[in-house]
Each structure stands twice: as structure tokens, then as C-alpha cells.
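The values are calculated or read from the model by the stated rules, or taken from the named source; none is laboratory data. It should be emphasised that the depicted structure is a prediction, and the values quoted were computed from it without experimental measurement. Every residue, glycine among them, receives a Cβ derived from its backbone with ideal geometry; neighbour counts consider all protein chains shown. We work out accessible area using only protein heavy atoms, side chains counted, and drop any ligands, DNA or RNA first. Shrake-Rupley method; radii C 1.70, N 1.55, O 1.52, S 1.80 Å.
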Amino acid sequence: MGAAAAPAPEFLDPAFGPRYVIEEIVLRGNRRTQDSLILAELGLRAGDAVVASDPRVETARFRLLALGHFLDARLSVERGKRRGGVVLLVEVEERGTLVINELYPSTSSATAFWGGADVSDTNFLGRGVNLGAGFVASTKPLVLNSEKGLGLRLHGSIPERQGPRGLGLSATALYNDGSEFIAIPAGTTTADPGHFTAANLRRAGGIVGVSKTLTRALRASIDLRGEAVNARLPPLRARTFPDGATAPIDFGVREGASRVATLALTLDYDTRSDPVLPRAGARVVGTVEAGGRVFGGDYGFGKALVQASFYLKMPRGHALGFHLLGGAILGDAPIFDRFFIGDLNLLLARRALGMSFSTLPSRNLLGTSIARQSLRRLRGARPRRVRDPRVAAPRLRLRRRRLRGRRSARNGERRRPLAAGGPDLARAARRPDGRSRAAPRHLRGHLHDLDRQRSLPQLLLMNARHPAARVAVALFAALVASPRARAAGEDAPRRTTGLALTPGSSP
């Protein structure tokens, strides 16, 4: 008996064991859900033959739980009236199907109050149909030309098991009447409602879609959307920049009546352990939407959006989640389809049924706001490079551009300094900017137009590391250049990009 006993063979045949015939299916515990909905998901009927290890029994249990209407489902058999016959007993424990999708009670410096809710029933009348409605209303905002807001939504969906040819159907009707806030000063970072104006929009339309489950974790859907938009724009149509220039305001919508028509394709990959409180798995949703005259709309644009959530198991039943979001928009998208800072920053107020009621900007906690970056730093220019003053950053200082004291060597000639007594203005006049080498290419047609008219040191607007020292040098250069200008008797016009000295003037 030294040798170990051989293991018993495993029976992998699912037909092994006693064979029973289902005489009747009895349902218990379903007070709201109709019997026909449960029987359709079982996959078993009276008269079917099952065995003790039949995989269809366990599959039927998981299909019932996948409905989302039950906390638990148990299947068992009882002796039937005839020999070899059984009664299949299905016991379910129902869960609440009334879901509060969103609550909107809030306030801001721009809107004293707005509130509402979006509620849906995932098992309406016990038929497995999802039906819901939402509304939001607000007081009159403090923004110029704004109006009270009102938004309404009615949405419903039919699951794939009840749809034609195994397709899920969905429909949404919408109505919005509110204001979109647009900043008047360019690049403003304040939440003061006095710095904003409002474009009043009225939208009415809907979305219809079909969906299909491709695999156990992958689901695809196609949505067709159409809206009629009526926009009332404010009288103020232009904004003023810090340098005094003006530009028309992009309201993101056409004045008067217009239409929005789009077609969207969505892929949903979901492996989460639970859709409400997941402890493991991931979900990735990608959407591509396109609109234009091809679909009967007035706005031609494309939009792509990807949202991803990943969950890791933690001790004591906890989970650690990571959430990512990315997207891009190309073309002429309406303002309500563009990315809103509240949808990206959880610390700010989100859109309520597609309408915004807050003017609060995102906090610049890490100092990465693009509005505070100089143009020279963004385009990678050298620290001492002269810039075009028409696009220069507002934080500028005075810097004197000195004439070079050495001329270029030619034909092997040694470079020698100029004679004492200051720069040679006659030699400097050979160059448009008074230097021994050609002016930078990006400045030849802008800064040096006036330099060709006289050969005098000039003061230009430049960045300075030491403002006090730069100002002192500039004032000293102006005092030295003033007697030379009076002696030359030139009538030099005043340039707009810096400080120029005219005869008879003092710095």
C-alpha cells in the first residue's frame, strides 16, 4: 500500500445525473415585477428536461440578477405530481427601482438660486422599461441681458430583450429656455457678473437611439439628435483688449432661428463588479459625434470624448478609483456643445440639464493658467530676443537699445573701437536700426520703419530682469540723446511702440 491511491475520475458530462422534466414554474417574491418579464429571462419553460448539473439553471440566475431589479435570485426544485417531474421554484428579492440621477439645488454670485431634480424608474409598471423626467428652474441672474432659466427633460428606454430584433431603444425630449454667460473683457479671470453679458437661447428637440450588446462587456449605440434653436444676442457685440484693440465676441450660436443635427456613435466597455458601488474592474466609454448640413443642421463640427474609470480592490471591502477624461472639438460647435469648465472640475458647478448658471472660473492652484503665460515663453523665444510690440505680453519694461561700438571686420581687417566721444551716428545710419548687422527678420517690417528716418538711440518696450536698473539706464540715455536731437534739428515723429524724443521735448 505504499503507492498513493489513484484519484477518482471527474465527470465532465453535463448530462450526468438524474433527469427531470419541468412540469411548472412557480415565481415568488415579485410584488412589482410582472411574471412575463421573469419568465422571459429564465430561458427555461414547462416541458424542458434538466439534469442536476444543468448549466442553464445557474445561467438563469445570473440573467435575473443582470436585470438590476433584484437583490437576489434563487432557483430550486420540488417534487412534481408525476414520477420524474419537478416544479421549478424561482424566488426573487426585489430592490428599489426609483433612482435619483441628479439634484440641482445651488447658488452662485451670478444666480441667486437654481434647483431641480432628475428622477427615473428603471422598472416602470413592472415591465422593465426605464422612464424618467427632470426639470430645473432658476431666478433671474445678475448678468447683463440675462433671463430666468427653465429646463425640462423626458427620457425613456426599452431593454434589448423587449426591443425588435434584440435592439435596445431609447428616446429623449428636451426643452431649454435660459442664458449663456460670455465674458466681456478678453481673458478675464474674475467671477464678477458685471464683467459678463448673456445670450438668451431657447432650445427644443430630442434624441433617438438604438443599442446592441456585442459581447459580454462591450456595448454599442447610435444616437440621432435634432434641435431647433432660437438665439437672442445682446446689443454689445465686441470686446476690448488691454491694448485698446477690439474684436467681435464669439457667442457660439447664430442669431435668430437655427438647427442642430448630429449623429453619434458610442462604444461602452464595462467590466465593473457593480454599476453602483464597484470594487473592481473598469469602464471605458468613447463617443464620436458629427454634425452639419449632411444631417440637416446649420452647425458643422466634430466632437470626440473618452471617459475612463478604473477600480482597484482595497482591504476591508474598499476600492480605489481612477477617473480620466479627454476630448476634442473641431469646427463650428454651438456653445452648449462645447466643453464647460464645470463638467471638468468637480469643485465647480456643473451644467444643469444643459444650462449654466455660474460665472466662477477654475482655481489656478498650480499656477498653470495659460492666461498668465507670456507669449515669448509659449513660443520658446530666447530670453533677450526683441519681440513684435503688437503681440507682446502686457508685463513690459523699458530697455535702451544701444548702438554697437564695434563694426564688422572686412577683408581680414582687425576690429577696432570707435573714436572716443560716443557712437558714430553717421556710420550707424547705414543700418536701419543703427547696428552693425542686419535686423532680425521678424522686425524688419515693423519696428525699424522709423529708424530709417534718423540715426538716434531709441527706447523700446522689452522685458527686463531688473526693472529699476532698466528705467535708470533709459532715463540716462534719454538725457544724453536730447541735446543731440536738438542739434541735429530733425523732426522725428513719436513712435507708438515705445518712447521717442522729439525736438524740444524732455523725457
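The table below lists the values:
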{"read-out": "Radius 14 Å from Cβ of Asp268, net charge of other residues (Lys, Arg +1; Asp, Glu -1)", "value": "+2"}
{"read-out": "Shape of segment 224-374, Cα gyration tensor, a/c cut at 1.5", "value": "oblate"}
{"read-out": "Cα→Cβ-extended label distance, 7 Å offset, between Leu347 and Ala66, nm", "value": "4.3 nm"}
{"read-out": "From the C-alpha gyration tensor of segment 211-292, square roots of 5λ in Å", "value": "42, 19, 11"}
{"read-out": "Whole-percent carbon and sulfur share, accessible surface of segment 82-132, 1.4 Å", "value": "57 percent"}
{"read-out": "Cα gyration tensor shape of segment 47-151, rounded if a/c is under 1.5, else prolate or oblate by comparing a/b with b/c", "value": "prolate"}
{"read-out": "Local electrostatic count, Leu233, Cβ distance below 12 Å [Lys/Arg +1, Asp/Glu -1]", "value": "0"}
{"read-out": "Counted charge near Gly302, where neighbours are those whose Cβ lies closer than 12 Å (Asp, Glu -1; Lys, Arg +1)", "value": "-2"}
{"read-out": "Gyration tensor (Cα) of segment 287-355, equivalent ellipsoid semi-axes in angstrom", "value": "33, 15, 9"}
{"read-out": "Table column - 3J(HN,Hα) (Hz), segment 57-69, Karplus curve with 6.51, -1.76, 1.60, x for Gly and Pro", "value": "5, 5, 5, 4, 5, 5, 5, 5, 5, 5, 5, x, 9"}
{"read-out": "Residue-normalised accessible area of segment 140-200, given per residue in Å² at a 1.4 Å probe", "value": "47 Å²"}
{"read-out": "Using a Förster distance of 35 Å, the FRET efficiency for Leu360-Glu94 (Cβ separation, nearest 0.05)", "value": "0.25"}
{"read-out": "Accessible surface of segment 213-371 [probe 1.4 Å, protein heavy atoms]: carbon and sulfur percent", "value": "61 percent"}
{"read-out": "Pairwise FRET efficiency - Phe339 versus Leu27, Cβ, R0 = 56 Å, nearest 0.05", "value": "0.70"}
{"read-out": "3J(HN,Hα) from dihedral phi, segment 311-318, Karplus parametrisation 6.51/-1.76/1.60, rounded to Hz, x for glycine, proline", "value": "10, 10, 5, 10, x, 6, x, 8"}
{"read-out": "For segment 157-178 and segment 74-128, distance of Cα centres in Å", "value": "18 Å"}
{"read-out": "Those residues of segment 247-272 whose amide nitrogen sits under 17 Å from the label point placed on Leu330, 7 Å along Cα→Cβ", "value": "263-265"}
{"read-out": "Solvent-accessible area per residue for segment 14-114 (1.4 angstrom probe, square angstrom)", "value": "61 Å²"}
